[in-house]
Amino acid sequence: MSHEPRDNPAQHREQREPEELHTPIGWPLLVVFLGIIAWGAFYYFHDLLSATGATSEAGDRRSVVVVDPTAKADGAAVYAGNCAACHQATGMGLPGAFPPLAGSEWVLASKDIPIQILLHGMSGPITVKGSLYAGVMPAFAQLEDAEIAAVLTHVRKSWGNAAAEITADDIASGRKAFADKSTPWSEAELKDKVGAP
Amino acid sequence: MSLSIAFLLAMTFLISVGGLALLVWALANDQFGMGQQAAETIFAPGEVGEVEDPATPSAARAVMQNARKAAHQASDSEELFERTIADQSSRMPVLFWLSSSMVWLLLGSVFGVIASIKLHLPDWLVQEAVLTFGRIRPAHLNVVAYGWASMAGVGVGLWLIPRLFKTALVGGHYAIAGGLIWNAGLIFGTAAILAGLSDGLEWLEFPWQTDIALVIGGALAAVPLILTLIKKRVGHLYVSAWYLIAALVWFPMLFVTANIPNLFVGVDQAMLNWWFAHNVLGLWMTPLGLAAAYYFIPKIIGKPIRSYGLSLIGFWALALFYSQVGLHHLIGGPVPTWAVTISIVHSVMMVIPVIAVAVNHHMTMLGSFRLMLYSPTLRFVVLGAMMYTFASVQGSMEALRSVNTITHFTHYTVAHAHMGLYGFLSFVLFGSVYFILPRLLDWEWPHAWAISLHFWLVFVGWGIYFWPLTLGGWLQGLAMLDPARSFMESVS
């Protein structure tokens, strides 16, 4: 190329291109390097040899929660696992879609009504606290008697509700009363055969 | 684990240490045949300039010049001619890569601020999927890593190449074409992340189809390096050239291997992921930053680098030890213990090259630190080089199991990452750009105060970012380890 240098003041002011001196590496630095290498060798072989043939241990070491099989069912836990998805953690349901449990006449009625709803489910329109809902509530007969009793008691005593406790024996007799029934309740059938709230 | 695997892996360590020992022995016995005289033959006799930093106000420049003037004469006309040719030849490609990088820096910073605000206001900007944290945060990472840091690093590298080889840049148009393709890859890659088409691996989020653009663009940017290397007019390659050549060899190897789809799955994929993610810092961005630091520090203060031997150790120890360090990100994960152990040992071995570079820079600067008061370029580059030392030693400590147990998965790591990419690399790149641009554009910086303001804003901003996150991250880690405290306590 035959470019003539342009008059760029920055290039005129500049220092020469950098170079390197051959100052020897001092021995203190080499000692430091040797120290680091020695540590590496120690850590490496110590770790590998202690790991060879050792049994592995997985997971953290916090104590596992011991489940007591005789403990009473936890209504709040059953609710969170089975009910809260529709009726919400607040028990308020979702307007227009899922009826509320808080203050619901069906929940607070005599205990046979909520027991039968849980054991067989509901289908078709139902009026709750003056609003009409048209949906489906699945049956929860697959739960243990104690679990159903616990969750119903939880629902009947939460969010301002204050109705009587329900026991596992109540559930057992509820199962026997309509043992042959295989379809969900409609509002009319429930009022007719079990009772109106 | 079987003893044979242990033995094979021990060899990795022993070979690296052996290589380093050989290097030290060769240096001690002058096997490189590079005596002081040989080093000086590169330079025309008496070629010395005056203290220079275009970002310095002229009054301050006079102070700097007086500091050195006694020892030096006027600039040698032949070298002035060479540097003019060098700068003219690299003008367009360098300007293209640098100006692209600045656009990506702005965009990446916006993504970063949005992601950061979301950590305080989780419900802010969540109406659209594209604005959620899971997309904005990887967009920030990829844009600043491959848009800002990589493009600015390549731009500075393209400017250094003809300077280091004392000849005109050959094939600059390849670099411009490469820059266009690289930009296209970034645009499509970032759009893909925002559209939810991420690869789902940190640092590798761009879909592999867009990675092809980055590979081709990067390869084209490396063409001028090779063509100019063939035509070089110097007998000895300066240390910055080693780092540049190595970076441009290492990056394609890493990036291609890590992005081949379905090459590794499961645990192997996680290991490949972190092998890449750490090497892209150590074997791509670090060499780019060190190449610039090794050039600008002696360039501005007008003194030679203290020790050729330390430069060699710094470079080769990085090359020998770095590639194994990435797996310390998987401490406690379901990967073999030996793989993690070797990465921990190699992480700590990285202290060797870091000390070598730090001592080399420090001894070069010794007696000239006062010049940082006058030169913004020097201030940026020297502070950046110091933060390289700090970030690297901090990283080696974080690799230890006892420390990692606390810092992993906390903001401590986030602060450390910004220490490296911002405190070190971005500071060095800022300083480099202030030096380079007046030479390419034939003008002087119009507002010295704006450069000063820039320095203090990023310096204070970095401090506000780094220290609280480091301290908070440590406390966060302690809280997460305490089974008596709930998770919410560790983040609130």
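The values are calculated or read from the model by the stated rules, or taken from the named source; none is laboratory data. Predicted model only: the values in this text are computed from it and were never measured. We place every Cβ from the backbone using ideal geometry, glycine too, and count neighbours over all the protein chains shown. Ligands, DNA and RNA are excluded from the accessible area calculation, which covers all protein heavy atoms including side chains. Shrake-Rupley method; radii C 1.70, N 1.55, O 1.52, S 1.80 Å.
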Legend entry - Subset of the range A:69-92 (residues that are without any contact (Cβ under 8 Å) to a residue 40 or more places away in the chain and part of a loop (DSSP other than H, G, I, E, B)): A:PRO69, A:THR70, A:ALA71, A:GLN88, A:ALA89
Legend entry - Contacts under 8 angstrom Cβ, first residue in the range B:152-181 being without any contact (Cβ under 8 Å) to a residue 60 or more places away in the chain and within 14 Å of chain A (Cβ to nearest Cβ), partner buried (at least 19 other Cβ atoms within 10 Å of the Cβ) and of a type in the set (S, T, N, Q), 6 or more apart: B:GLY171/B:THR228
Inset, instruction - Within the range B:356-368, count every residue that is touching a Leu at 6+ places or on another chain (Cβ under 8 Å) and either closer than 24 Å to B:ALA10 by Cβ or open to solvent by less than 10 Å² (accessible area, probe 1.4 Å) (or both). - result: 3
Legend entry - Any pair with Cβ under 6 angstrom, 6 or more apart, that starts in the range A:5-28 at a residue that is within 21 Å of B:GLU444 (Cα to Cα) and within 7 Å of chain B (Cβ to nearest Cβ) and ends at one that is in a loop (DSSP other than H, G, I, E, B) and at pLDDT 85 or above: A:ASN8/B:ASP442; A:GLN15/B:GLY302
Legend entry - All helices (runs of 4 or more DSSP H) inside the range B:109-198 with 1 or more residues being not assigned by TED's automatic domain parsing to the domain that holds B:ILE216: none
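Being β-branched (Val, Ile, Thr) and buried (at least 18 other Cβ atoms within 10 Å of the Cβ) is the filter; apply it to the range B:216-267 and report the residue that is farthest from B:LYS299 (Cα to Cα). Give the derivation first.
Keep residues of the range B:216-267 that are β-branched (Val, Ile, Thr), which gives B:216, B:223, B:226, B:228, B:230, B:234, B:239, B:245, B:249, B:256-257, B:260, B:265, B:267.
Now restrict to residues that are buried (at least 18 other Cβ atoms within 10 Å of the Cβ): B:223, B:228, B:239, B:245.
On the way: B:VAL223: 26, B:THR228: 21, B:VAL239: 13, B:ILE245: 20 Å.
So, considering only residues that are β-branched (Val, Ile, Thr) and buried (at least 18 other Cβ atoms within 10 Å of the Cβ), the one farthest from B:LYS299 (Cα to Cα) is B:VAL223.
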Inset, instruction - Would you point out which residue out of A:ILE113, A:ILE166, A:ILE171, A:ILE117 is at pLDDT 85 or above and touching a Pro at 6+ places or on another chain (Cβ under 7 Å)? - result: A:ILE113
Inset, instruction - For the range A:105-153, enumerate the residues that are over 26 Å from A:LYS72 (Cα atoms) and polar (S, T, N, Q). - result: A:SER123, A:THR127, A:SER131
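Quick one: count up the residues across the range B:262-303 that are polar (S, T, N, Q) and within 22 Å of B:ALA247 (Cβ to Cβ).
Our first condition is that a residue be polar (S, T, N, Q); within the range B:262-303, this holds for B:262, B:269, B:273, B:279, B:286.
Applying the additional criterion that residues be within 22 Å of B:ALA247 (Cβ to Cβ) yields B:273, B:279, B:286.
Final tally of qualifying residues: 3.
What do you reckon, is B:LEU400 buried (at least 16 other Cβ atoms within 10 Å of the Cβ), in contact with a His (Cβ under 9 Å, 6 or more places away or on another chain) and either at pLDDT 95 or above or not hydroxyl-bearing (Ser, Thr, Tyr) (or both)? Full working, then the answer.
Details: buried (at least 16 other Cβ atoms within 10 Å of the Cβ): yes; in contact with a His (Cβ under 9 Å, 6 or more places away or on another chain): yes; either at pLDDT 95 or above or not hydroxyl-bearing (Ser, Thr, Tyr) (or both): yes.
Against the criterion (buried (at least 16 other Cβ atoms within 10 Å of the Cβ), in contact with a His (Cβ under 9 Å, 6 or more places away or on another chain) and either at pLDDT 95 or above or not hydroxyl-bearing (Ser, Thr, Tyr) (or both)), B:LEU400 qualifies.
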Legend entry - Failed condition for B:GLY200, given (1) free of Cβ contacts under 8 Å to residues at least 60 places away in the same chain; (2) closer than 30 Å to B:ARG83 by Cβ; (3) away from chain A (no Cβ under 14 Å); (4) not β-branched (Val, Ile, Thr): (2)
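Can you spot a residue in the range A:173-194 that is over 25 Å from A:LYS72 (Cβ atoms), part of a strand (DSSP E or B) and under 28 Å from the mean Cα position of the chain (by Cα)?
So the first thing to find is which residues in the range A:173-194 are over 25 Å from A:LYS72 (Cβ atoms), and the list is A:178-194.
Filter once more, so that each one left must be part of a strand (DSSP E or B): A:185.
This time we only want the ones that are under 28 Å from the mean Cα position of the chain (by Cα), so: none.
Scanning the range A:173-194, I find no residue that is over 25 Å from A:LYS72 (Cβ atoms), part of a strand (DSSP E or B) and under 28 Å from the mean Cα position of the chain (by Cα), so the answer is no.
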Legend entry - Of all residues making up the range B:172-191, the number that are open to solvent by less than 10 Å² (accessible area, probe 1.4 Å) and of a type in the set (A, V, I, L, M): 2
Legend entry - Hey, B:PHE380 crowded, with 24+ Cβ neighbours inside 10 Å and either under 27 Å from A:TYR44 (Cβ atoms) or under 16 Å from the mean Cα position of the chain (by Cα) (or both) or not: yes
Inset, instruction - Go through the residues of the range B:295-315 one by one and say whether even a single one is closer than 29 Å to B:TRP148 by Cα, surrounded by fewer than 24 Cβ atoms within 10 Å (Cβ to Cβ) and more than 11 Å from chain A (Cβ to nearest Cβ). - result: yes
Legend entry - Residues within the range B:15-32 that are open to solvent by 70 Å² or more (accessible area, probe 1.4 Å) and at pLDDT 85 or above, tallied: 2
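Tell me which residues, restricted to the range B:82-124, are in contact with a Gly (Cβ under 9 Å, 6 or more places away or on another chain) and open to solvent by 10 Å² or more (accessible area, probe 1.4 Å).
Initially, the range B:82-124 is screened for residues in contact with a Gly (Cβ under 9 Å, 6 or more places away or on another chain), giving B:89-101, B:103-105, B:107-108.
Result: B:SER89, B:ARG91, B:MET92, B:LEU95, B:PHE96, B:SER99, B:SER100, B:VAL103, B:TRP104, B:LEU105, B:LEU107.
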